[in-house]
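The values are calculated or read from the model by the stated rules, or taken from the named source; none is laboratory data. Note that the structure is a prediction, hence the values are computed from the model and not measured. Using ideal geometry, Cβ is built from the backbone for each residue, glycine included, and neighbour counts are taken over all protein chains shown.
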Amino acid sequence: MEPPLASLLRAESFLHSLADALGSPLNVLLPEVVAENAARFRAVYRRHRLAGRVYFAHKANRSAALVRRLAAEDAAVGVDVASLGELRHALSCGFTGERIMATGPKDAEFLWLAARVGATVNLDSPGELERLSGLVRTHGLGRVAVLVRLSRFESAAAHGGAGTRLLSRRSRFGTPLRDAGELVAALERHADAVELTGAAYHLDTTGLEEKVRALEQCVLFLDECRARGLAPRAVDIGGGFGAGYVADAGEWERWTTALSEAVLGVRPPLTWRGHGYGLRNEGGTVRGTAALYPGHRPVAGPGYLDELLSLPAPVLGRPPATLLLEHLHDLHVEPGRSLVDQCGLSLARVLDVRPADADSGRYLVRLGMNAGDVSLEEHGVLVDPVLLPRGGPGGNGAGGESGESGEGGEGPVGVFLAGNLCLEADLITRRLVFLPRLPRAGDLLAFANTAGYAMDFHAHRAQRQPLARTVAVEREGGSWRWRPDEDYWPITHPGGMSA
Ligand SMILES: *Cc1c(COP(=O)(O)O)cnc(C)c1O
């Protein structure tokens, strides 16, 4: 954890008073950090002398504060919206149309509003191009800037005569590169309604080489478009720059090795009822792949972009940054998770603690939240929560003695974290989590770094359990100030915090 998030976690009595007032679960956001992250991406652009925009992939978090804070940045920061609701939200937060990129499959209302406000439409399919062009003509809208989202880059590589089949992630989004010719013909037919401004991809992978190859294929595709008289000028390489959740590579490796050993039965289970995260024991051999986010990432976020721009591209041999400069292309990126890295935490109240199974020495800790409220497991992100005892470190209630930690309490104690639903599967962690001592009802658990997908992506109202409230916090002098997320605006009032 970096300083703002780390120091927020140390503000235990502040976090306790927030949860007392606003309930559990509770999301706490640091809007200043999202701006710092955007600045780090911009610094990579400067290093490579590239122009273009950093579009925040809104889907990573529903917060208004984060989007408003980014709207206050200069025009090189935009927002990527994937639904009519996100588009309306971005506009209401202060983004003007030309700073908005509309991605994903789109319905007519989403297309109409995007076209109306002058957003760039990242075309998902030839059908979408037809529908958009029809809307533009019927409603007398201005010509819309469009990017074509491409996928399945491997087929082009094979046609190129390299002789080897290069794999690329399958995606149900975008147009396969081999069908791009027809798409270009359609773009020419609809030139009165749309203007091709570039090519795009978004690959859900950590593989750098796969992304370098896709970027180069986009550049080559745009060369063909230019040869046909079109005037594209940007490559949008999507998101997926990633975030590192575990600082220590060794720690991550030890845990994943131990998981394999547990699946084989050569060490005690590490997980609830032997859950294997996708791994299984087949006659003494571990099979399957662990559905886990790579907790430790040697490079992630802006550093990953830097590497991606610097590796040699397979066909032309020069790095992507050089290819973009030679072709006078802008570079657009759509980071989600990496732009909200270190931007917040989720709090849950401990409701109840009891032994998990007779004699196991493990405990079941029931929290005032469910697996939809902090969907770390859903995304395979394994991060231990931080125990914030009621009454301060080592204390409890009316200031208990340190070391007096009750049952099972002297050293670290292994617990499973269960949610507030009457559902066997509602586990917040399916793995054993070690806390410095056994928590007690009233303590808080803080899940750090949840702003990317883990805060509200899967939140629901099952059993009428409360949805988490979200607050934006800022450090002012020696203390923390907070506001409801929806009341945050990036304005500094004289004599006070931005309020
Ligand atoms: C989800 C998504 C992103 C963001 O991905 P991250 O992995 O969060 O960076 C960007 N672009 C598109 C099209 C997406 O679907």
| query | Just wondering, is there one or more residues in the stretch 363-377 that are more than 32 Å from the chain's Cα centre (by Cα), modelled with pLDDT under 95 and more than 16 Å from the ligand (Cβ to nearest atom)? | reply | no
| note | Scanning the stretch 159-203 for residues that are modelled with pLDDT of 85 or more, surrounded by fewer than 15 Cβ atoms within 10 Å (Cβ to Cβ) and part of a loop (DSSP other than H, G, I, E, B), the one nearest to the ligand (Cβ to nearest atom) turns out to be R172
| request: Select from the stretch 466-488 the residues that are in a loop (DSSP other than H, G, I, E, B) and buried (at least 18 other Cβ atoms within 10 Å of the Cβ) and write down the one among them that is nearest to the chain's Cα centre (by Cα). | output: A468
| task | May I ask you to list the residues in the stretch 324-350 that are among the β-branched types (V, I, T) and within 16 Å of the ligand (Cβ to nearest atom)? | result | V333, V340
| task | Report yes if some residue within the stretch 438-457 is under 28 Å from G240 (Cα atoms) and at pLDDT below 95; otherwise report no. | result | yes
| query | Does L220 satisfy the criteria of being within 16 Å of the ligand (Cβ to nearest atom) and farther than 15 Å from N122 by Cα? | reply | no
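To keep it simple, each residue is scored yes or no on (1) touching a Lys or Arg at 6+ places or on another chain (Cβ under 9 Å); (2) within 16 Å of the ligand (Cβ to nearest atom); (3) assigned by TED's automatic domain parsing to the domain that holds L208; (4) within 30 Å of N61 (Cα to Cα).
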site	(1), (2), (3), (4)
E261	yes, no, no, no
T271	yes, no, no, yes
A313	yes, no, yes, no
D352	yes, no, no, yes
| Of all residues in the stretch 204-217, how many are charged (D, E, K, R) and either surrounded by 24 or more Cβ atoms within 10 Å (Cβ to Cβ) or more than 16 Å from the ligand (Cβ to nearest atom) (or both)? | 4
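What number of residues within the stretch 184-199 satisfy the criterion of being of a type in the set (G, A, S), over 19 Å from L215 (Cβ atoms) and in contact (Cβ under 8 Å) with a residue 60 or more places away in the chain?
2
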| Hey, does the stretch 296-308 have a residue that's touching a residue at least 60 places away in the same chain (Cβ under 8 Å) and among the hydrophobic types (A, V, I, L, M, F, W, C)? | yes
| field | Filter result for R62 (within 21 Å of A459 (Cβ to Cβ) and not assigned by TED's automatic domain parsing to the domain that holds L18) | value | yes
| remark: Taking the stretch 112-146 and keeping residues within 16 Å of the ligand (Cβ to nearest atom) and surrounded by fewer than 23 Cβ atoms within 10 Å (Cβ to Cβ) leaves D124, S125, E128
| note | Within the stretch 70-110, residues within 16 Å of the ligand (Cβ to nearest atom) and at positive phi come out as G104
| What do you reckon, is R62 within 15 Å of the ligand (Cβ to nearest atom) and either among the basic types (K, R) or modelled with pLDDT of 95 or more (or both)? | yes
| remark: Within the stretch 327-367, residues among the polar types (S, T, N, Q) and without any contact (Cβ under 8 Å) to a residue 60 or more places away in the chain come out as S360
| request: Identify the residue in the stretch 71-93 that is in contact (Cβ under 8 Å) with a residue 60 or more places away in the chain and over 19 Å from H202 (Cα atoms) and, among all such residues, is surrounded by the fewest Cβ atoms within 10 Å (Cβ to Cβ). | output: A72
| task | Being away from the ligand (no atom under 13 Å from the Cβ) and under 19 Å from the mean Cα position of the chain (by Cα) is the filter; apply it to the stretch 39-52 and report the residue that is surrounded by the fewest Cβ atoms within 10 Å (Cβ to Cβ). | result | A39
